[in-house]
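Q: My questions will all concern the structure given below.
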Amino acid sequence: MSESPATVLLTGATGYLGTLTLGRLLADPQVEVLCLIRADDDAHAAQRLQETLKRLWSEPDPSQASRVRAVACDLSSAVGDLPGLGDITHILHCAASVRFDLELDEARLANKATAGVVLALARRAPRLEHLLHVSTAYVAGTHKGRFAETDLDVGQGFRNTYEQTKFEAEGFVRAGAGDLPLSVARPSIVVGEARTGWTTTFNVLYPLLRAYSRGLVTQLPADSGAIVDIVTGDYVADALAHLLLRSGEVGGTYNLVAGPGVTDVASVRDLAAEAFDLPPAVFVESTEGIPAPILSLLGYLNVHASFDDRNARSVLDEAGIHPVPVESALRTAIAYGLESKWGRRAVSRDVAPDFSEEAAA
C-alpha cells in the first residue's frame, strides 16, 4: 500500500503488463489512476478501459473502477493539454511495441519517441514524485556474460529492432531526464502468471511452443546450453507497483529477472516435450525447414547474457516479491496456453484455473 494518496499516470494500460499493474494499483484504496489510451476520442478510450477491466475481473468492483479513468492520447506525437496532469504524483510508462519485425523507423516511433513524449509530460507535472520507465533486460542484446543493472552500452549488437529501440529509448530517457525522479525497470521475457498462467499476450516463446505442440517444429537451431530467463507477469506487476509507489526508492535500475531460477534451452525443450507428449526436438545448426514466423524468435534460444538483479532483490525481497523458477513458470504458461487455445478463448483473470504445482498436489 502506498504511504500517502497517489495519482498515477499509466501508459500501456491495455497491454498485458499494464493491465496487470493497473489491477495492483487499484487494489490500493489510496491510489487513483489516469490511463493514456490510444483511441479515437475519450469515449472510445473509456470503452477500451472497460474492456481491460473486464479482462481482470469478470465483475469489476465499482469502488475500484471509480478510481480510474481514461484519456484518449497518441504518444507517437507531442501531447498538448492533458486534463489532470497537475494532479499526477507518479508516472509509470509501460507503453511499447513488442513486435520484433518492425522496420527500424517504425520501432523507434513506437518505443523511443513515446518515451520522449512521456518525459515531456513528466516535466509538466508539478507534483511529480516518481517516473518509472519500463525497459527490458534485453537491452543487453547479444552481449555474453554478466549484465549488471548499472550496465547499458557495453558494445552489444541486437537481435531485432525491438531490442535496439528499447536500448535507444532507455539511453534517451536517462540522458534527457535531468533532475526528474527517474527509475528504470527491466523485465526479461514475461509469460503468464505463476499460478494460473493467465495472460493476454501470446508472443516471444508462445508461438514456438504452439508450433511445437502441433508437431510443426521437430528441429531446433539453438544452443542447448543457452540461458533462458523468464519471469511471470504477476512478479513483474507486483514489482512495478511496489517500485513506483515505495517512498525513497527513486533513481535506481532494477533487472526484473529470474535470478537463480534460470534454466537452459535443453531443459525447456525437455519440459515442452513432456507437456505435449512429443519426442524432444533435435538440436541442429541449419534453419532449413523452420516455419518463417518462428525464425525471428529463435534468437531467444541462443542467449548468453546472465542478468544481475542485486539492486532489485535489495528492494523486493523485504516486500516478499520473488520470481518463480523458469521451469515452474513455463509449466503453467503451457497449461494456460492449452486451456485458452493459445488466446482464442478469452478468460477473465479472476476465474482462470490454478495450474500450479501446489494445486495439482
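Bear in mind that the values in this text are calculations on the coordinates, not laboratory data. A quick note: this is a predicted structure, and the numbers were derived from the prediction, not measured. Note that we place each Cβ from the backbone using ideal geometry, even for glycine, and neighbour counts take in every protein chain shown.
Q: Under a point-charge model restricted to the Cβ atoms of Lys and Arg (+1) and Asp and Glu (-1), what is the dipole moment magnitude of the chain relative to its Cα centre, in debye to the nearest 20?
A: Numbers: 31 positive and 46 negative charges, 94 e Å.
Here the chain has a charge dipole of around 460 debye.
Q: I've got another one for you. Suppose only helical runs count, i.e. DSSP H with n ≥ 4. What mean residue ellipticity at 222 nm does that imply for the chain under -39500 (n - 2.57) per run, divided by all residues and rounded to the nearest 500 deg cm²/dmol?
A: -10000 deg cm²/dmol
Q: Continuing with this model, one more query. Quick check: pseudo-label points 7 Å beyond the Cα along Cα→Cβ at Leu216 and Ser66, how many nm apart are they?
A: Roughly 4.8 nm, to one decimal.
Q: Report, to the nearest 10°, how far helix 161-176 tilts away from the longest principal axis of the Cα atoms in the chain, using its own Cα long axis and a range of 0 to 90°.
A: Orientation of helix 161-176: about 30 degrees from the principal axis.
Q: While we're on this one: By how many degrees, 0 to 90 and rounded to 10, does the Cα axis of helix 265-276 deviate from the longest principal axis of the chain?
A: Value to nearest ten degrees: 80.
Q: If I model a spin label at Glu339 and Leu180 as a point 7 Å from the Cα along the Cα→Cβ vector, what separation in nanometres do I get?
A: 3.9 nm
Q: Which distance in nm do the two modelled labels at Ala292 and Ser76 give, with both placed 7 Å along the Cα-to-Cβ direction?
A: 2.3 nm
Q: Quick one: 3J(HN,Hα) in Hz for region 130-146, Karplus 6.51/-1.76/1.60 with θ = phi - 60°, rounded, Gly and Pro as x.
A: For region 130-146, the Karplus-derived couplings read 7, 10, 10, 9, 8, 9, 8, 4, 7, 5, 5, x, 8, 4, 10, x, 5 Hz, x marking Gly and Pro.
Q: Between region 269-332 and region 107-176, what's the alpha-carbon centroid distance in Å?
A: After rounding, the separation between the Cα centres reads 23 Å.
Q: Against the longest alpha carbon principal axis of the chain, how many degrees, from 0 to 90 and to the nearest 10, is the axis of helix 326-339 turned?
A: 90 degrees
Q: Still on this model: Quick one: length gained pulling Ser306 to Ser224 fully straight, 0.36 nm per residue minus the C-alpha distance? If you can, show how the numbers build up before the last one.
A: Numbers: separation 82, 0.36 × 82 = 29.52 nm, distance 1.55 nm.
Once the chain is fully extended between Ser306 and Ser224, it gains 28.0 nm.
Q: While we're on this one: For Asp317 and Arg99 in one chain, what is 0.36 nm times their gap in residues minus the Cα-Cα distance, to one decimal in nm?
A: Values: separation 218, 0.36 × 218 = 78.48 nm, distance 3.18 nm.
Contour length minus Cα-Cα distance gives 75.3 nm.
Q: Moving on. If you only keep lysine pairs separated by 8 or more in sequence, or across chains, how many in region 6-349 come under 29 Å at the Cα atoms?
A: 4
Q: Next up: Hey, can you grab everything whose amide H is under 5 Å from the amide H of Ala70? Only 5+ residues off in sequence or another chain; H modelled, so Pro and N-termini drop out.
A: So Ala70 has HN proximity to Cys35.
Q: What residues qualify as long-range amide H neighbours of Leu220, i.e. H under 5 Å apart, gap of 5 or more or another chain, H built at 1.01 Å from N?
A: Counting only residues 5 or more places away or on other chains, the set is Val282, Phe283, Val284.
Q: Out of residues 5 or more away from Trp198 or on other chains, whose amide H comes under 5 Å of its own, with H placed 1.01 Å from N in the peptide plane?
A: Glu193
Q: Oh, and also: Which of the peptides 208-221, 160-173 is most tightly packed, and how do the rest follow, judged by the mean count of other Cβ atoms within 10 Å per residue?
A: The densest-packed peptide leads the list: 160-173, 208-221.
Q: Give, in nm to one decimal, the length gained when the segment between Val282 and Asp270 is fully stretched (0.36 nm per residue of separation minus the Cα-Cα distance).
A: That pair, Val282 and Asp270, stretches by 3.3 nm at full extension.
Q: Have a look at the DSSP beta bridges in the chain and tell me what percent are antiparallel, nearest 5.
A: Of all bridge pairs located within the chain, approximately 5 percent are antiparallel.
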